[in-house]
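To start, I am sharing the structure in question, which I have written as structure tokens.
The values are calculated or read from the model by the stated rules, or taken from the named source; none is laboratory data. The model shown is predicted, which means the values in this text are computed figures rather than measured ones. When we count neighbours, we look across all protein chains shown, and the Cβ atoms used for this are built from the backbone with ideal geometry, even at glycine.
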Amino acid sequence: MTIDDYNKAVEQHADGVYRFILKNCRNEAIAKDVVQESFEKLWVKIETVAGEKVKSYLFTTAYHTMIDVLRKEKRITDFDQTNEGMHYHTEQYNDLGEVLDQALKMIPEIQRTVILLRDYEGYSYAEIAEITSLSESQVKVYIYRGRLNLKSYLVKMEHVI
């Protein structure tokens, strides 16, 4: 990979990586730091990363960096340990995007990650497996379970209205 390839990678993928990390960690400062650290890691390995693998490398690196940051801050919670009643209110939403963001916050991190990679970023099951270090069958299971959790949250009228 050349310096020009690196600069093109920054232009092409910085926004996508940032959106992906921001959706997962919901903190702009952390998302910016993770993206910057990911591109720094790419810069260090500029000679070893092939140009066609740069997108996958960036998303994988960003994902693992985000996991490390979140673990350090002890911000990971388990969906089963949360009280569902305290995560919604009866106020009306005017924006479906807000409802979806709220629903994404309710599901476990790994399910949110694979759903975002699949549905928001358009990755294949194989690419998601590579990024998250899971098997393809695990990715499919997490996507299925995540969608079930989202559906159970979204079908309740008090969450949507």
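Within the stretch 1-35, which residues are of a type in the set (A, V, I, L, M, F, W, C) and under 18 Å from residue 104 (Cβ atoms)?
Once the filter is applied, which keeps residues that are of a type in the set (A, V, I, L, M, F, W, C) and under 18 Å from residue 104 (Cβ atoms), the stretch 1-35 yields 17, 20, 21, 22, 25, 30, 31, 34.
A further question follows. State yes or no: is residue 17 at pLDDT 90 or above and part of a helix (DSSP H, G or I)?
So residue 17 fits the description; yes.
I would also like to ask the following. For the stretch 133-143, enumerate the residues that are surrounded by fewer than 16 Cβ atoms within 10 Å (Cβ to Cβ) and under 16 Å from the mean Cα position of the chain (by Cα).
Scanning the stretch 133-143 gives a single hit, 133.
So how many residues does the stretch 137-161 have that are among the hydroxyl-bearing types (Ser, Thr, Tyr) and modelled with pLDDT of 85 or more?
3
When only residues in the stretch 3-29 that are aliphatic (A, V, I, L, M) and exposed (fewer than 14 other Cβ atoms within 10 Å of the Cβ) count, which is farthest from residue 71 (Cα to Cα)?
Across the stretch 3-29, the extreme among qualifying residues is 3.
I've got another one for you. Conditions: (1) modelled with pLDDT under 90; (2) surrounded by fewer than 17 Cβ atoms within 10 Å (Cβ to Cβ); (3) in contact with a helix residue (DSSP H, G or I) (Cβ under 9 Å, 6 or more places away or on another chain); (4) assigned to a helix (DSSP H, G or I). Residue 69 meets all but one. Number of the miss?
Unmet for residue 69, out of (1) modelled with pLDDT under 90; (2) surrounded by fewer than 17 Cβ atoms within 10 Å (Cβ to Cβ); (3) in contact with a helix residue (DSSP H, G or I) (Cβ under 9 Å, 6 or more places away or on another chain); (4) assigned to a helix (DSSP H, G or I): (2).
Filter the stretch 26-56 down to the residues that are in a helix (DSSP H, G or I) and touching a Lys or Arg at 6+ places or on another chain (Cβ under 8 Å) and list them by number.
Scanning the stretch 26-56 gives no hits.
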